[in-house]
1. Using only the Cα atoms of region 247-300, build the gyration tensor, take square roots of its eigenvalues as a ≥ b ≥ c, and label the shape rounded, prolate or oblate: rounded if a/c is under 1.5, else prolate if a/b is larger than b/c, else oblate.
2. Within 10 Å, count the other beta carbons around each residue, average over each peptide in 522-532, 162-172, and list them highest first.
3. Take every Cα-Cα pair in region 181-323 and report what % of them are more than 20 Å apart.
4. Can you sort ASP483, ASP273 by 1.4 Å-probe accessible area, starting with the largest?
5. Residue farthest toward the positive end of the dipole of region 183-239, with Cβ of Lys/Arg at +1 and Asp/Glu at -1: which of THR203, MET218, LEU189?
6. Bin width 5 Å, origin at 0, all Cα-Cα pairs of region 316-416: what percent of pairs per bin?
7. Which listed residue (ALA338, LEU292, SER325) has the Cα farthest towards the positive end of the charge dipole for region 246-346, taking +1 on Lys and Arg C-beta and -1 on Asp and Glu C-beta about the Cα centre?
8. Size of the dipole of region 178-284 about the Cα centre, Lys and Arg at +1 and Asp and Glu at -1 on the beta carbon, nothing else charged, in debye to 20?
Amino acid sequence: MHFENQPHIPPATPSGSIASFTSMDTPLRAKKHRGSYNCGRCGLPKKGHVCHLPPSTTTTPTQTPTDSSVSVSTSTSRPPPPSRQQHSNLRRALSFDDTDLRCESPVIEIDESELDLFDSGSGKFPVSCMWEILRRLPPEGLLAAARVCKGWRETARRLWRAAEELRLTVPPRTQLVFVGSLLRRCTGLSRLSLRSESDLDATMLACIAFSCPNLEVMEFSTSETLVNRITGDELGCFVANKRCLRSLKMEGCSNLGGFVLCSSSLSTLWLSDLHCLSKMVFNCPNLKEISLDFSRQENESTDLIAMVDGLGRSCPRLQNIHVASFRLSHATVLALTAANLRGLRMLSLVFGTEITDASVAAISQSYSKLELLDLSGSSISDSGIGMICNVFPGTLSRLLLALCPNITSSGIQFATAQLPLLELMDCGMTICDPSSQNPTCDESGDFELQMTFKNKLHLIYQKLIIKHSRLKKLSLWGCSGLDALYLNCPELNDLNLNSCKNLHPERVLLQCPSLESVHASGCHRLLTGAIQSQVSNNLDAMENQSPHKRLADGSKRVRVPLFLSQQPYDEDKKRRRIGSRPCKVLVD
């Protein structure tokens, strides 16, 4: 009798793909340890046989479902590095990235009994080797490999069970049953990132709640043109039922209306695109980080004072707060200071045009241990910067003051001089050219307006001098009022000069040997050329560092070879010079 060991390939239809998926969940029959005794090519007995026929050249087509296709990224033992640009709406300039929710997946142990040889269709092959091969396949390849034979299907099923993190992209017209079967396959799943390319509703939320009982980290993201139809009651029910949930991040929350979140395990909450919330109740005693991004529409009517009051009463362990809304005011800041959140370390209040120097004084009196302060879009002035420098000289490492029109170069220089721990500073659109913001007056214009504009001409072009030993990132994007820039920052590696169109090439001096990238979009070609030449000279100066010594008569200094120098050669400096990368000037 002739037995050919050929892989079975199901039909390439969506229903066939789903059937092959669900068949992996059914228990396998008892294995018959019999194997095949005949050659799969010529049919002769295998014992003492060398086949003279060439191997088969037929390839197994990789079939993927058309309407039910999903793009998956799994991690079994080595999760992929986090991507800072995956959720553009959730990731902000301040990005609370100090707390990393990712952890290494456990090493999957295989029993010795499972290391037996099995018939894989082309001879006997160890399960451990097959495991290492299949775990390196992309998800589509893993789905196709599971349809080859029984041994491959069993190994693929174990890989799915070992996955702890899943990144799922759901294209339009995808059947929810297929997504549910895929999620149920990953029994050890604890981190799920879902990107929907169609409208998101409560059905998907219920599918995730049923298929992932041990979920700890959940991220929802949608396209800008799609609608998130999840309501506040449905979101509150989901959070209440997931008792292991530690982190929840969701985009497009314009239809929530109002919500009540009750969870003893939730520690991180990010909600964006909020609009006209009637109620916001947080009963999360272990919540440490919250980010609420409201819509920019004029009819936004959320009561932020009541929200901040509730946060202070029910979330006493808050450490990071980010609120972006045009309705932020001095009264909201007073409510936040009255909450007395003793563990607060990072505070971000963005687009609050009614936040003034008085608000800065209230923040300084209540929270004196802030490490990050973001007041972008506020109305604070140089006096407010002085209060910040007087209160936070020993703690503040990140200061973001973009879109603050009342700040001048003097305030920025004072901040860098008085904050020794500063590592990041964003001053975009602070020193602007008034001529680009005010329209040209015609002949019938008011004479007083013209005189006021002439009196402010001395504020158009300003110079900025910064000398700091720990500053690593500096952003001056849109500072069209800058005419001269002098930087002496040995640790600076990222500089943003986009749209600084009035910077004079001969008045720019960059003494930053660690500089890796300079963003110069919208600048003149002469300026970009001057920057390129200066960063190249800095790199050459680093490479040509060697000791010098005067002659016996003291007439001049000459360079001494390293082997003649009495100073010990520093191997760390050598490695640093070898590993230094040339600076890139990025221009659109």
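1. prolate
2. Order by mean packing, descending: 162-172, 522-532.
3. Cα-Cα pairs in region 181-323 separated by more than 20 Å: 45 percent.
4. Values: ASP483 30, ASP273 65 Å².
In descending accessible area the options line up as ASP273, ASP483.
5. The residue sitting farthest along the positive end of the dipole is LEU189.
6. Result, from short to long distances: 2, 14, 27, 29, 19, 7, 1, 0 percent.
7. Of the listed residues, the answer is ALA338.
8. I would put it at about 480 debye.
The values are calculated or read from the model by the stated rules, or taken from the named source; none is laboratory data. This is a predicted model, so every value here is computed, not measured. In this analysis, Cβ positions are derived from the backbone assuming ideal geometry, glycine residues included, and neighbour counts consider all displayed protein chains. The area values use the complete protein model at the heavy-atom level, side chains included, leaving out ligands, DNA and RNA. Shrake-Rupley method; radii C 1.70, N 1.55, O 1.52, S 1.80 Å.
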